[in-house]
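Structure first, then comments.
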Amino acid sequence: MFLYSPLMLLPLLFKKEGNRFSFWGFHLWAQSFRLFTGIWYDVKGLENINSRESYIIIPNHTSFLDICLLPLITKGAFKPLSKKEVGRIPVFGWLARVITVMVDRSNASSRRNSVVKMRRALAGGTSIMIFPEGTVNKTTNLLNPFYDGAFRIALETGAPLVPVAIAGANRLMGAKSLLMRPGTIRVQVMPPVRVDGLSTSDVPVLKAQVHSAMESKLQELHDTYFRPQATSRV
């Protein structure tokens with residue numbers, strides 16, 4: 001990340017929103033990361049998104065490795081939403097403060113400012129990436145409850161939601177671990193959820209529908225790729 005940081009950051013000096021040169025810097029970093037670590041992302045469903053449209057992309061979150069996947073599940077520039085705590089991580093935190101929309105959830109003014117920045121990015125053709133669970137899922141549940149934020153912004157801006165189901169990341173690097181091992185992470189980019197004709201009063205129903213669809217897809221991925229193999233008896 002340090003080596004590729006000029007490709008990620010310099011273009012932002014000239015065009016802060018929707019800069020495709022900066023995005024390709026991130027894409028190159030993600031490709032190099034998986035090459036040198038042996039961690040492969042089997043991404044399916046990229047045909048569901050259009051490079052000329054901006055989306056609110058909502059992946060589930062079980063591992064730091066999810067972050068390394070982000071440039072591989074978009075076809076254009078994007079800005080992730082991140083917590084202020086991410087800014088304290090050495091090196092990575094410095095980059096995060098520049099390239100993400102950072103928010104202090106305990107501060108009402110910070111929350112309002114982050115919403116303004118996300119709306120501006122969407123209007124400029126940049127997609128937004130939000131983990132709807134709010135933080136890393138450290139439970140045994142496939143999916144934790146969702147926060148309202150991503151769904152409310154979608155309804156207020158009309159931007160489609162793109163659910164992304166990520167399975168197997170926590171097997172290669174646990175939420176509480178600093179160690180990782182090679183392997184394959186399975187990813188399904190699901191069809192966009194259009195919000196035309198809906199209002200903010202529909203947030204609970206929309207959130208429940210998307211949660212149910214993502215949970216079903218995650219279950220399918222786990223059953224297909226990570227179900228324990230039965231041992232034969234002689």
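The values are calculated or read from the model by the stated rules, or taken from the named source; none is laboratory data. From a predicted model like this one, the values you see are computed outputs, not experimental measurements. Cβ: placed from backbone, ideal geometry, glycine included. Neighbour counts: every protein chain shown. These area figures cover heavy atoms from the full protein model, side chains too; ligands, DNA and RNA do not enter into them. Shrake-Rupley method; radii C 1.70, N 1.55, O 1.52, S 1.80 Å.
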- Looking at this structure, is Pro192 at pLDDT 95 or above, surrounded by 15 or more Cβ atoms within 10 Å (Cβ to Cβ) and not aromatic (Phe, Trp, Tyr)? yes
- Message: Restricting to segment 23-77, give me the number of residues that are surrounded by 15 or more Cβ atoms within 10 Å (Cβ to Cβ) and without any contact (Cβ under 8 Å) to a residue 24 or more places away in the chain.
- Response: 3
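Residues that are farther than 20 Å from Leu206 by Cα, at least 2 per element: which strands (runs of 3 or more DSSP E) completely within segment 109-193 meet that?
Working: elements: 127-129, 161-167, 183-189.
Output list reads 161-167, 183-189.
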- 1 or more residues modelled with pLDDT of 90 or more and not charged (D, E, K, R): qualifying helices (runs of 4 or more DSSP H) within segment 1-71: 20-37, 65-69
- Message: Need the failing condition index for Leu155 against (1) within 22 Å of Val101 (Cα to Cα); (2) open to solvent by 10 Å² or more (accessible area, probe 1.4 Å); (3) at pLDDT 95 or above; (4) of a type in the set (A, V, I, L, M, F, W, C), just the number.
- Response: (3)
- Note on the structure: By residue number, the members of segment 121-136 that are more than 8 Å from Ser54 (Cβ to Cβ) and crowded, with 22+ Cβ neighbours inside 10 Å are Met129, Ile130, Phe131, Pro132
- Message: So, Ala165, is that one on the phi < 0 side of the Ramachandran plot, among the aliphatic types (A, V, I, L, M) and touching a residue at least 40 places away in the same chain (Cβ under 8 Å) or not?
- Response: yes
